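Here the structure is laid out as structure tokens; the discussion comes afterwards.
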Amino acid sequence: MSRVGKQPIKIAQGVKVNLAKDVLKIEGPKGKLSHQIPDGIVLKIEKDHVLVTRDEKSENPNVPSLHGVTRTLIHNMVHGVATGFVKELDIVGVGFRAAVTGSTLTLNLGFSHPVTYKVPEGITVKVDKNTHLIVSGADKVLVGMVAAKIRSFRPPEPYQGKGVKYTEERIIRKQGKAAGAK
């Protein structure tokens, strides 16, 4: 048995869990999420927790590896619709800034044109002091993908540290060329 997979998932206050056929739907104050349950995995929904178990009759050889992963995905969904997930990014560089209008993020990152990015549904991006971005939403994977996409427009470079970086990220700096050393 999977050590992670056999742990029960506590359902937070105000979260509704519904299983119809093989689709799990979770609804809470921060949004709605759904997940297709793979073959060989069985869910038992009780009053205040969900148990993920294996179907012993299943012939699928991937069931042991799917057990823990499915439990973790469901736990992340319950946590996401209850409290949400947040990623923070900083923009470093002279003249670099960001602005949000509606669901479009506009970034000035030192290129000859501003970079525009359409924020997916279910994700909110807030700009603080023109250089600090807060990406939040209920889906952990989608929040991480949006933050990574924004960072990919101008990753931080190692010489001056200019670019878009995660707030907690530490950029390892390189020494530049030595001028006229003999």
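If you count, for each residue, the other Cβ atoms within 10 Å and average over each peptide, how do 166-179, 3-16, 69-82 line up from highest to lowest?
Working: 166-179: 9.4, 3-16: 14.2, 69-82: 20.3.
Per-residue mean Cβ counts within 10 Å order the peptides as 69-82, 3-16, 166-179.
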Checklist line | Spread of Cα-to-Cα distances over 10 Å intervals beginning at zero, given as percent, for the chain | finding: 9, 28, 23, 20, 14, 4, 2, 0
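With every protein chain kept in the model, how would you rank Ser136, Ser112 by accessible area, 1.4 Å probe, largest at the top? All intermediate terms of the calculation are to be shown ahead of the outcome.
Details: Ser136 30, Ser112 125 Å².
From most accessible down to least: Ser112, Ser136.
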Next item on the list: In debye, nearest 20, what is the charge dipole magnitude of region 76-182 about its Cα centre with +1 on Lys and Arg Cβ and -1 on Asp and Glu Cβ, if you could check?
Entry: 580 debye
Check: Out of Val81, Gly93, Val115, whose Cα points farthest toward the positive end of the dipole of region 29-182 (charges: +1 Lys, Arg; -1 Asp, Glu; placed on Cβ)?
Finding: Gly93
Notebook entry, point to check: Are there GluC sites (Glu not before Pro) in region 1-109 that DSSP marks as loop and that have at most 15 other Cβ atoms within 10 Å, and which are they?
Noted result: Glu46, Glu56, Glu59
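Evaluate E = 1/(1 + (r/R0)^6) for His49 and Thr131, where r is the Cβ-Cβ distance and R0 equals 35 Å; express this FRET efficiency to the nearest 0.05.
Result of the calculation: an efficiency of 0.25.
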Notebook entry, point to check: Extent of region 83-144 along each principal axis, from alpha carbon coordinates, in Å, largest to smallest?
Noted result: 36, 19, 17
Notebook entry, point to check: Label points 7 Å out from Cα along the Cβ direction at Ala148 and Gln7: separation in nm?
Noted result: 2.3 nm
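So, by mean Cβ neighbours within 10 angstrom, what's the order for 91-100, 121-130 with the highest one leading? Let's see the in-between values first.
Details: 91-100: 15.7, 121-130: 14.2.
Per-residue Cβ counts within 10 Å, averaged per peptide and sorted highest first, yield 91-100, 121-130.
Suppose every Lys and Arg Cβ carries +1 and every Asp and Glu Cβ carries -1, with no other charges. What dipole size does region 34-107 come out with about its Cα centre, to the nearest 20 debye? Could the numbers behind the result be given before it?
Working: 7 positive and 8 negative charges, 32 e Å.
Around 160 debye, computed over region 34-107.
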Next item on the list: Sort out for me the Cα centre separation of region 1-74 from region 144-162, rounded to whole Å.
Entry: 34 Å
Checklist line | Nitroxide proxy distance, nm - points 7 Å out along Cα→Cβ at Phe111 and Glu88 | finding: 2.7 nm
Item checked: Cα-centred dipole magnitude for the chain, charges only on beta-carbon of K, R (+1) and D, E (-1), debye, nearest 20 -> 720 debye
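Which FRET efficiency value, to the nearest 0.05, is calculated for Asp22 and Val141 with the Förster distance at 25 angstrom and r the Cβ-Cβ distance? Display every interim value, and only then the final one.
Working: r = 20 Å, r/R0 = 0.78.
Efficiency at R0 = 25 Å is approximately 0.80.
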Next item on the list: Give the carbon-plus-sulfur fraction of the accessible surface of the chain in %, rounded to a whole number; probe 1.4 Å, heavy atoms of protein chains only.
Entry: 52 percent
Next item on the list: Please give, to one decimal in nm, the separation of the simple spin-label points placed at Asn62 and Lys177, each 7 Å out from Cα toward the Cβ.
Entry: 5.2 nm
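The values are calculated or read from the model by the stated rules, or taken from the named source; none is laboratory data. The shown structure was predicted, so the numbers you read here are calculated from the model rather than taken from an experiment. Heads up, the Cβs are rebuilt from the backbone with ideal geometry, glycines too, and the neighbour counts pull from every protein chain shown. To get the accessible areas, we keep the full protein, side chains included, count just its heavy atoms, and leave off ligands, DNA and RNA. Shrake-Rupley method; radii C 1.70, N 1.55, O 1.52, S 1.80 Å.
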